[in-house]
Amino acid sequence: MSKKKVILAMPELFKIHELIIENLEKCGFEVLSLTYEEKEFKYKNVFQRLKKIWYRNILGQKDFKKRTMFRAVEERLNSLLSEHPEQADYCFMIWLGAYPKDFIAKLRAHSKLMVYYNWEALTFLKEDFDNIEFFDKFYFFDPFDQGKHPEYTEKLFPTTSFYFDSFRPSENPQNKILFIGSYAADRNNDIRAFCEAARSIGLEIDFRLASKKIEEEKAALGIPEVEFFSFENALSYRQNLEEAAKSSVLVDFLNRKHYGLSLRIFEAIGLDKKLITTNPTIVHYDFYHPNNMFYWNGSNLDELKAFLTLPYVPLAPGLKHKYSFSNWISCAFDIEPNIPIGLPEIDREVVENLNV
């Protein structure tokens with residue numbers, strides 16, 4: 001029996017595509033990778049910038065910049081597609097912004113089922129909606145996006161993120177609390193409050209932030225024990241997972257643009273790690289257990305100390321498997337059997353009052 005074929009199209013951010021390919025192959029799929037590394041875009045001259053303004057504002061073509069960036073890899077990706085003229089069973093896309101509309105249309109013609117996912121709130125995906133016509137499923141992960149865009153009810157599907165069940169960490173645990181992420185000014189207060197609390201109770205933290213302006217952003221945060229590094233020197237996602245596996249507790253700071261659960265939450269599930277998060281929605285998910293996950297509001301220090309003494313309670317195997325990539329992709333591709341994944345109904349006003 002021949003393998004089902006998946007086209008994977010996404011930018012190669014932190015090499016997470018490598019784990020997606022690995023996990024797809026573990027699930028028995030043949031993968032045609034149309035991923036590519038996005039380079040930082042710079043206009044060559046003022047005429048190219050004016051051309052962009054002409055295309056966007058006069059001709060109504062919003063993706064001039066995208067097309068210009070994509071041109072460097074277009075020939076290679078088209079060649080790969082032409083080598084596989086038969087229609088693929090599935091196309092899985094992440095971050096539509098990396099691909100121009102005409103190429104997405106070409107992927108639609110090459111695929112029986114087309115699925116899109118993004119770690120972003122729908123509010124920030126306005127241009128992605130210009131391409132929703134090509135997709136059978138357009139996934140979102142913020143619980144407060146449920147019910148939005150009723151005109152796309154047949155396309156929009158709620159889901160969470162996932163952990164990679166193909167990943168097998170090396171065994172070298174250390175008693176430390178880990179956070180690796182990108183610098184965002186709106187998280188500074190949360191990070192400062194946690195570092196101060198950790199210092200007061202003698203916790204060993206390992207906090208690292210990727211930064212575009214290291215000296216400026218390091219000064220803005222003002223926490224000397226937090227390590228800053230450039231995006232060029234960032235760890236791959238696999239290396240991030242290795243660091244997470246070596247830690248005793250993972251920390252997750254809410255991205256204020258949305259309330260969707262980050263990959264860090266699912267890393268904790270997959271690696272059986274305790275988790276501290278500033279995302280108050282965590283308590284509404286079926287995998288939440290007070291021994292395993294803690295909502296840090298910036299001042300509940302006594303509760304934090306008590307949490308760190310509690311033993312980890314393993315999730316039931318079926319519940320843990322529910323959030324694996326293998327089950328996630330089975331749901332996305334309508335492959336039976338699978339365990340359906342949804343998002344909880346949450347009162348936004350209550351959550352935002354908690355997170356003031």
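The numbers here are math on the coordinates, done by the rules we state, and not lab data. Since we're looking at a predicted model, the values are computed, not measured. FYI the Cβ positions are ideal-geometry reconstructions off the backbone, even for glycines, and counts take in every protein chain you see.
Data overview
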read-out: Helix runs (DSSP H) in the chain reaching 20 Å along axis by Cα, Kyte-Doolittle at least -1.0; value: 64-82
read-out: DSSP-assigned coil residues among chymotrypsin sites (Phe, Trp or Tyr not before Pro) in the stretch 181-233, each with at most 16 further Cβ atoms within 10 Å; value: none
read-out: Over the chain, relative contact order from alpha-carbon pairs under 8 Å, at least 6 apart, %; value: 16 percent
read-out: Order of W119, W296 under a 10 Å beta carbon neighbour criterion, fewest first; value: W119, W296
read-out: Residues S247, S262, S299 arranged by fewest to most Cβ contacts within 10 Å; value: S299, S262, S247
read-out: FRET efficiency, 1/(1 + (r/R0)^6) with R0 41 Å, evaluated for E127 and N297 via beta carbons; value: 0.75
read-out: Entries in K212/K273; K155/K257; K26/K274; K148/K212; K5/K246; K101/K246 that, when Cα-Cα distance is taken, lie over 32 Å; value: K148/K212; K5/K246; K101/K246
read-out: 16 Å reach of a label modelled at K106, 7 Å along Cα-to-Cβ, counting backbone N of the stretch 15-38; value: 32-37
read-out: Per-q log10 I(q)/I(0), the chain, q = 0.06, 0.07, 0.11, 0.14 Å⁻¹ (Debye; single scatterer per alpha-carbon; no solvent); value: -0.24, -0.33, -0.83, -1.32
